[in-house]
Amino acid sequence: MSYIEPAPIQDKNNPFESMMSRFDVAAQILGLDQETYNVLKNPARQVIVSLPVTMDDGMVKVFEGFRVIHSTILGPSKGGIRYDMAVNLDEVKALAAWMTWKCAVVDIPYGGAKGGIRCNPRTMSKGEIERLTRAYTLSMLDIFGPDRDIPAPDMGTGPNEMAWLMDEYSKSKGMTVNAVVTGKPLVLGGSLGRVEATGRGVMVTALSAMQKLRMNPSQSSCSIQGFGNVGSNTAKLLEERGVKVKAISDISGAYWNPKGIDISYALSYRDTHNGTLEGFDGGDKMEDPDGIITCEVDLLIPAAKEDVINIHNAPKIKAKLIVEGANGPTSASADDVINSKGIIVVPDILANAGGVTVSYFEWVQNRLGLRWPLERVNRRCDRIMKESFERVYAISKQYNISLRIAAYIVAIDKVSNTYKFRGGF
Ligand code: NAD
């Protein structure tokens, strides 16, 4: 019996409340007790810092930085750092909680965290970004640690930022501590396969779902929103497996080619045009960028940002299957529309967990002081993603619920059981 009375959701488009509304449904089905519910709902720690940074013109600018530790029940907390002007505490809280559920779904021994700095890295010089990253690291010296809290890249950050973070942390400790952060450059102890890992996991879970739906990859088409790390690697890997990628998009717009976009060409175009698809000539530019969500394809992969599938465009979606490469791309208010249309959604906390899985492999390799070959990284990651998909799929059949709620059930069950064994705090 459950004795939870969830607070009414005030704003389903607030990312934290959107996450909690799914959490509440799963908690009700599991019959989670009130004490554990309260523990899992509230982040363990929320840190806000002001970071004065000297800019190239000599002026000092103060940036706001965040780190939220949602849970350390399963182990040290893990989660990326986002550099974006839209970063705010509610978003970081939601992303931190998603990390807890994600690590639990794929059964790796980490809790969940997330960090962010409100800034626009596209308008900053390399030196300014480096000074900002080092200032953030210094402000988090008592938070980060290879056994405490292990950051990684997210939107707007990559191997460079992780290298500066690792260097600053190591200097303050007086020794090299490469396991304090993952997503590092290979020469600093990064893992082979980490860059493609999230896209690879999206591809593996997409193929697993297609198999259940009896969709033949070589007779299926897809559209992918976002052509950054996750979107472009997913596109390449799905194309290699015969899926026709009919539409891709990025911040510059959406591009459509019914014969299939040549992904190798799109990659080289992006890499020679300042990292964007602006002016891409391998497809027709759609008049409405939202067409990437509603175009005529079998499989839709949002791989850019939150809340892009919402109450306004969900009724127009034609795809039978959605695989969430991004975190939180579907607002909670769109769930009912999608479910009533019979569209299957492989949720973010399962579909994009390949990244944190290989981050975990990176941390393991750093601690063992050795490097795994790419083939071993990919094989182990694929196995974890397939097994996790099957676990979630079985629960969705058992309770006759969506894969999303099933994934939350798997995650909450694991974290709450661990909490009970640890005996509370
Ligand atoms: P990225 O910065 O490499 O790429 C983001 C892409 O989205 C870019 O192509 C950008 O132009 C595009 N974009 C931004 N706004 C857009 C819009 N309004 N319409 C269309 N395209 C838009 O970021 P990423 O690392 O690929 O992350 C993408 C998403 O995946 C985020 O939600 C992130 O949290 C999630 N994610 C990333 C990883 C990872 O390992 N990188 C792991 C798990 C989840």
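If I ask for residues that are farther than 28 Å from A407 by Cα and either in contact with a His (Cβ under 8 Å, 6 or more places away or on another chain) or open to solvent by 10 Å² or more (accessible area, probe 1.4 Å) (or both), which ones from segment 64-82 would you list?
If the condition is that a residue be farther than 28 Å from A407 by Cα and either in contact with a His (Cβ under 8 Å, 6 or more places away or on another chain) or open to solvent by 10 Å² or more (accessible area, probe 1.4 Å) (or both), then E64 is the only one that fits.
Could you tell me whether any residue of segment 364-373 is β-branched (V, I, T), surrounded by fewer than 19 Cβ atoms within 10 Å (Cβ to Cβ) and over 30 Å from P289 (Cβ atoms)?
Yes, the conditions are met somewhere in segment 364-373.
For segment 212-236, give me each residue that is more than 14 Å from the ligand (Cβ to nearest atom) and of a type in the set (A, V, I, L, M).
Hits for segment 212-236 are L213, M215.
Kindly indicate which of A86, A96 is crowded, with 19+ Cβ neighbours inside 10 Å and among the aliphatic types (A, V, I, L, M).
Result: A96 is the single residue among A86, A96 that is crowded, with 19+ Cβ neighbours inside 10 Å and among the aliphatic types (A, V, I, L, M).
Which count do you get for residues in segment 37-63 that are crowded, with 16+ Cβ neighbours inside 10 Å, touching a residue at least 40 places away in the same chain (Cβ under 8 Å) and hydroxyl-bearing (S, T, Y)?
Residues meeting the conditions: 0.
Tell me, yes or no, whether segment 308-317 has at least one residue that is touching a Pro at 6+ places or on another chain (Cβ under 7 Å) and within 13 Å of the ligand (Cβ to nearest atom).
The answer is yes; a qualifying residue exists.
Give the residue that is nearest to the ligand (Cβ to nearest atom), with candidates limited to residues of segment 294-307 that are open to solvent by less than 40 Å² (accessible area, probe 1.4 Å) and over 22 Å from L267 (Cβ atoms).
E306
Please go through segment 237-255 and give me each residue that is at positive phi and within 16 Å of the ligand (Cβ to nearest atom), ordered by number.
G253
For every residue, the table says whether it meets (1) open to solvent by 30 Å² or more (accessible area, probe 1.4 Å); (2) farther than 20 Å from G112 by Cβ.
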residue: I343; (1), (2): no, yes
residue: I349; (1), (2): no, no
residue: G354; (1), (2): no, no
residue: F361; (1), (2): no, no
residue: E387; (1), (2): yes, yes
residue: S402; (1), (2): yes, yes
residue: I409; (1), (2): no, no
residue: T418; (1), (2): yes, no
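Rundown of residues vs (1) more than 14 Å from the ligand (Cβ to nearest atom); (2) within 24 Å of L74 (Cβ to Cβ), yes/no style:
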site: P153; (1), (2): no, yes
site: E161; (1), (2): no, no
site: V180; (1), (2): yes, yes
site: K184; (1), (2): no, yes
site: M210; (1), (2): yes, no
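Please go through segment 142-186 and give me each residue that is in contact with a helix residue (DSSP H, G or I) (Cβ under 8 Å, 6 or more places away or on another chain), among the hydrophobic types (A, V, I, L, M, F, W, C) and assigned to a loop (DSSP other than H, G, I, E, B), ordered by number.
F144, V177, V181, listed by residue number.
In segment 174-188, is there at least one residue being within 18 Å of I48 (Cα to Cα), open to solvent by 10 Å² or more (accessible area, probe 1.4 Å), touching a Leu at 6+ places or on another chain (Cβ under 8 Å) and modelled with pLDDT of 95 or more?
Checked against the condition, which is being within 18 Å of I48 (Cα to Cα), open to solvent by 10 Å² or more (accessible area, probe 1.4 Å), touching a Leu at 6+ places or on another chain (Cβ under 8 Å) and modelled with pLDDT of 95 or more, segment 174-188 yields no hits at all.
The values are calculated or read from the model by the stated rules, or taken from the named source; none is laboratory data. This one's a predicted model, so the numbers in the text were calculated from it and none came from an experiment. Neighbour counts are summed over all protein chains in view; Cβ atoms, including those assigned to glycine, are modelled from backbone coordinates with ideal geometry. Protein only, heavy atoms only, side chains kept; ligands, DNA and RNA dropped before computing areas. Shrake-Rupley method; radii C 1.70, N 1.55, O 1.52, S 1.80 Å.
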